[in-house]
1. Would you mind working out the magnitude of the charge dipole of the stretch 2-164 relative to its Cα centre, with +1 at each Lys and Arg C-beta and -1 at each Asp and Glu C-beta, to the nearest 20 Debye?
2. What is the extension gain from Asp149 to Ser25, computed as 0.36 nm multiplied by their sequence separation minus the C-alpha to C-alpha distance, in nm to one decimal?
3. Considering Cα pairs under 8 angstrom that are at least six residues apart, work out the relative contact order of the stretch 2-164 and quote it in whole percent.
4. How far is it, in nm, from the label point at Thr9 to the one at Asp42 when both lie 7 Å from their Cα along the line to the Cβ?
5. How big is D for the stretch 1-92, in µm² s⁻¹ as a whole number, if Stokes-Einstein is applied with the Kirkwood radius of its Cα pairs at 20 °C and 1.002 mPa s?
6. What distance in nm separates the simple spin-label points at Arg115 and Arg137, each placed 7 Å from Cα in the Cβ direction?
7. Total Lys pairs in the stretch 2-164 closer than 22 Å by alpha-carbon, pairs eight or more apart in sequence or interchain only?
8. In terms of the ratio Rg/(2.2 N^0.38 Å) built on C-alpha atoms, what value belongs to the stretch 2-164?
Amino acid sequence: MFDIRRVVTEQDVAEVALLAREIWSQHYLPIIGQAQVDYMLDKYQSVPAITGQMAEGYEYYLAVNQGASAGYLALVPDVAASTLMISKIYVKHGLRGQCIGRKMLALAERRCSERGLRSIWLTVNKHNRQSIQWYERNGFVNAGALVADIGGGFVMDDLKMVKEHAEA
Ligand SMILES: CC(C)(COP(=O)(O)OP(=O)(O)OC[C@H]1O[C@@H](n2cnc3c(N)ncnc32)[C@H](O)[C@@H]1OP(=O)(O)O)[C@@H](O)C(=O)NCCC(=O)NCCS
């Protein structure tokens, strides 16, 4: 049984933070190194950080496969700009390639339709090649480089990718 459900309770938030630590430690270690992984987990994916984001309008979702957490998604709608940002989309290492990512993307597209938004965008690390290719296969195009100073002596060295939403 597979389901994607909205993150609501404190327990859900704690589950997302745990998943984030597991997935980021595995996936980003070779890309940005341990010090930046720790810094970014604390700043963006700790329980207080996620709770604060949700209070600002971030929609978090948990993908649950056979009763166990399999991945998570965070969306940020911007009605004024008619866009939806995919802030986070992560699947556990051993469960990749089973269309869980695609189902989360489909949920993002449904949210776009429901809110009448024109496009979906995200940022992805320039060296995160497999994910960039995955986004391209799923209709996103490269919209240029984005380098952001995130403090602590670290930068996010990203690409912006955009997908126009057909049903807006
Ligand atoms: C990018 C990501 C969210 C995609 O989710 P996913 O569930 O693996 O994706 P899907 O199963 O929907 O699609 C994976 C594609 O790779 C293929 N694939 C096969 N084996 C795979 C494997 N072991 N790992 C990844 N993809 C695999 C699938 O057949 C599918 O091909 P297609 O797109 O040509 O049809 C996920 O791989 C992930 O969490 N990556 C690491 C974290 C990350 O970089 N997130 C994005 C941050 S910006």
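Values quoted throughout were computed directly from the atomic coordinates according to the rules given, and no laboratory measurement underlies them. None of the values given here were measured: they were computed from a predicted structure. As a convention, Cβ positions derive from the backbone with ideal geometry for all residues, glycine included, and neighbour counts pool all protein chains shown.
1. With only Lys, Arg, Asp and Glu charged at Cβ, the dipole is about 580 debye.
2. So the chain would gain 42.6 nm between Asp149 and Ser25.
3. 17
4. The answer from the label model is 3.0 nm.
5. 157
6. Result: 2.7 nm between the two label points.
7. 14
8. 0.99
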